[in-house]
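What follows is one structure encoded as structure tokens, with my remarks underneath.
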Amino acid sequence: MHVSLKSTGAKPWLRNALIAAQVLFALGVVVGGAPMVAIAQEYVPPNRGIPGRREGGGTRGCWSSASNIPLDLPLTALVPQQNIGYTLVGYPTFYLYVPQFYAEQATAAEFVLSDVDGNEVYKTTFQTNDTAGIISLSLPESANLPPLEVGKDYHWSFSLVCDVSDRSADVVVDSWIQRVEPDAQLSAALQTTPPAQLPNLYARSGIWYDALTSVVQLRQQPEQDVPAAQWETLLNSVELDDVARYTSIESVNLGQGGGAR
């Protein structure tokens, strides 16, 4: 099987990632003549990085008591170390870890997506309702919001608001996302790949956001067995070991925020 991927702009790392994907996918589909039901996958990162912050914390304002509370983990964006992740879809889903203390103390939460020039593309503000753990936010396919354009970088940030009159006290994480376009061969592979093996194909192809979403979607299908190793291995491969250790696929809270699905 040959799998390839194209986008606007040169990305040499994709060729190496896809070669690995071809070999591993072939091995994953059939081993000793028997199909593998589930595969633990590791993410192959792009050969580029963009400044960002995937962990955030605060001790000012309503967060002042945080220094006296043994927080389990900081506010964490579930993104690669390079702070740039790829997707094949126009309306992707974003994932974050929200500690219980911050969820309880936050006045509001805010998600903002901007283009590379800093122009705001989408913004939503919502109440956390004490919801802690892994949360997901999806761009809405409504309200005249256009899909992400192929080949363009977008910056996104997630803020927990402590004091609406002093936003400098916000706890913030931020990262980048780019939509890439699959060619005919990769599209065909995605159409024929069993759901349980999609996380592996996405991860080995460097498609971070879709790899994570495909693991979460498996959880929503009662007929699919989602081993803990899929969630843990994917997070461990981007050095989110603590998140992998203290969370599970069952802990994902779907559909947070005004635009989440």
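The values are calculated or read from the model by the stated rules, or taken from the named source; none is laboratory data. Nothing here was measured: the structure is a model prediction, and the numbers come from that model. Neighbour counts are summed over all protein chains in view; Cβ atoms, including those assigned to glycine, are modelled from backbone coordinates with ideal geometry.
So which of 73, 113 ends up being assigned to a loop (DSSP other than H, G, I, E, B), hydrophobic (A, V, I, L, M, F, W, C) and in contact with a strand residue (DSSP E or B) (Cβ under 8 Å, 6 or more places away or on another chain)? Working first, answer last.
Values: 113 fails: assigned to a loop (DSSP other than H, G, I, E, B).
One residue alone meets the criteria, 73.
The rows are residues; the columns are (1) at pLDDT 85 or above; (2) polar (S, T, N, Q); (3) closer than 23 Å to residue 102 by Cβ.
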site: 130; (1), (2), (3): no, no, yes
site: 171; (1), (2), (3): yes, no, yes
site: 186; (1), (2), (3): no, no, no
site: 200; (1), (2), (3): yes, yes, no
site: 220; (1), (2), (3): no, yes, no
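Considering only residues of segment 116-139 that are assigned to a loop (DSSP other than H, G, I, E, B) and hydroxyl-bearing (Ser, Thr, Tyr), which is surrounded by the most Cβ atoms within 10 Å (Cβ to Cβ)? Steps first, please.
Step one: list which residues in segment 116-139 are assigned to a loop (DSSP other than H, G, I, E, B), which gives 116-119, 127-132, 139.
Narrowing further to those that are hydroxyl-bearing (Ser, Thr, Tyr): 128, 131.
Values: 128: 20, 131: 16.
Going through the qualifying residues, I end up with 128.
For segment 116-126, how many residues meet the condition of being closer than 15 Å to residue 146 by Cβ and out of contact with any strand residue (DSSP E or B) (no Cβ under 6 Å at 6 or more places or on another chain)? Step through it out loud before you land on a result.
Step one: of segment 116-126, the residues closer than 15 Å to residue 146 by Cβ are 119-123.
Now narrow it down to the ones that are out of contact with any strand residue (DSSP E or B) (no Cβ under 6 Å at 6 or more places or on another chain): 119.
Count: 1.
Pick out, from segment 140-245, the helices (runs of 4 or more DSSP H) lying fully within it that include 1 or more residues that are aromatic (Phe, Trp, Tyr) and more than 16 Å from residue 77 (Cβ to Cβ). Before the answer, list the steps.
Values: elements: 184-192, 198-204, 208-219, 228-236.
Where helices (runs of 4 or more DSSP H) fall fully within segment 140-245 and carry at least 1 residues being aromatic (Phe, Trp, Tyr) and more than 16 Å from residue 77 (Cβ to Cβ), they are 198-204, 228-236.
State which residue pairs qualify: first residue closer than 14 Å to residue 205 by Cβ and inside segment 183-195, second residue of a type in the set (Lys, Arg) in any location, beta carbons under 9 Å apart, and separation of 6 or more residues or different chains.
From segment 183-195, the pairs are 183/6; 186/6.
Considering 190, 198, which residue is farther than 21 Å from residue 235 by Cβ and surrounded by 14 or more Cβ atoms within 10 Å (Cβ to Cβ)? Let's see the steps before the verdict.
On the way: 198 fails: farther than 21 Å from residue 235 by Cβ.
Within the list 190, 198, the selection yields 190.
How many residues, within segment 166-185, are more than 20 Å from residue 113 (Cα to Cα) and out of contact with any Lys or Arg (no Cβ under 9 Å at 6 or more places or on another chain)?
Qualifying residue count for the region: 2.
Exactly one condition in (1) among the basic types (Lys, Arg); (2) out of contact with any strand residue (DSSP E or B) (no Cβ under 9 Å at 6 or more places or on another chain); (3) without any contact (Cβ under 8 Å) to a residue 40 or more places away in the chain is not met by residue 219; state its number.
Just one mismatch for residue 219, condition (2).
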